[in-house]
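In what follows, a structure is listed as structure tokens, so that the remarks can point back to it.
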Amino acid sequence: MIHASHFTAVLLFALFASTVFGITQRETPRRMFRYGVYCFTLFVGSAIFLSWVMFIIAR
Amino acid sequence: MRYSQKGMATAPTKTAAGQNAQQGFVYLPLIAGWLFPGAGHFLLRKWGRGALLAVSIIGMFVLGLAMKGKIYTGAQDILDMLGFVGDLGNGLLFLLSRVFGLGADQVQVTTADYGTKFIVVAGLLNVIAAVDAHNLRTGRKPE
């Protein structure tokens, strides 16, 4: 059994989901890669941003 | 004057291979892609894309199981129903996990909650991948 931290789970989720989004939503390999990186950045970035928002609200 | 035969031979071969892939039942890549992640793209000879899709979706499903994620078995309320629909997107992976009794019945630890979401999202991503294979097959998406 894997005991992944929340952040590890976010990274894994973002990696796999971005790969599928990149391949399915764009036509050329170059644009697939760029869109995959874009999605990955947004997934991880929004998770970090929302974590800080919740941290500040909870204080 | 000497001509290179290399370029002249590859173009018709590629066209013939593409035409062979375009023959047959139009929904086959969609169904194959749903049953096994990446299979729809494999049928269309998109080996790289199919392999990446298979690794991503199967990896997500297996990680979900490894985190003791829950496999939805029925629909008691609307959230269970939505989770069940998401799980069904995994095709044969879902059926095999049911047959072999994989996955937890109850979510007992925090990671199991993550795992449950991994399994549901793997199913939803598999549906997107299968529809992409169908779009490639019908020509709606350029190759």
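Each residue in segment A:16-47 was checked for being more than 8 Å from chain B (Cβ to nearest Cβ) and under 19 Å from B:Val62 (Cβ atoms), and 1 pass. Residues in segment A:21-54 that are in a helix (DSSP H, G or I) and among the basic types (Lys, Arg): A:Arg30, A:Arg31, A:Arg34.
Taking residues in segment B:48-68 that are within 9 Å of another protein chain (Cβ to nearest Cβ) and touching a residue at least 24 places away in the same chain (Cβ under 8 Å), and partners anywhere that are in a helix (DSSP H, G or I) and among the hydroxyl-bearing types (Ser, Thr, Tyr), the pairs with Cβ atoms closer than 6 Å and at least 6 places apart or on different chains are B:Ser56/A:Thr19; B:Met67/B:Thr111; B:Met67/B:Tyr114. Of the residues B:Asp80, B:Asp87, the single one that is crowded, with 18+ Cβ neighbours inside 10 Å and out of contact with any Leu (no Cβ under 8 Å at 6 or more places or on another chain) is B:Asp87. Given the criterion aliphatic (A, V, I, L, M), within 15 Å of the chain's Cα centre (by Cα) and under 30 Å from B:Ala104 (Cα atoms), identify the matching residue among A:Ala4, A:Ala14. Exactly one of A:Ala4, A:Ala14 is aliphatic (A, V, I, L, M), within 15 Å of the chain's Cα centre (by Cα) and under 30 Å from B:Ala104 (Cα atoms), namely A:Ala14. If you go through segment B:25-36 one residue at a time, do you hit one that is modelled with pLDDT of 95 or more, surrounded by 21 or more Cβ atoms within 10 Å (Cβ to Cβ) and part of a loop (DSSP other than H, G, I, E, B)? The answer is no; no qualifying residue exists.
Among the criteria (1) modelled with pLDDT under 95; (2) under 19 Å from B:Val121 (Cα atoms); (3) not β-branched (Val, Ile, Thr), the one B:Gln76 does not fulfil is (2). Looking at segment B:71-143, the helices (runs of 4 or more DSSP H) lying wholly inside it that each contain 1 or more residues that are at the interface with chain A (Cβ under 10 Å from one of its Cβ atoms) and within 19 Å of A:Ala9 (Cβ to Cβ) sit at B:110-138. On the stretch given as segment A:1-22, residues that are over 12 Å from B:Lys117 (Cβ atoms), surrounded by 17 or more Cβ atoms within 10 Å (Cβ to Cβ) and among the β-branched types (Val, Ile, Thr) total 2.
The values are calculated or read from the model by the stated rules, or taken from the named source; none is laboratory data. The model shown is predicted, which means the values in this text are computed figures rather than measured ones. For neighbour counting, all protein chains shown are included, and Cβ atoms are generated from backbone atoms with ideal geometry for every residue, glycine included.
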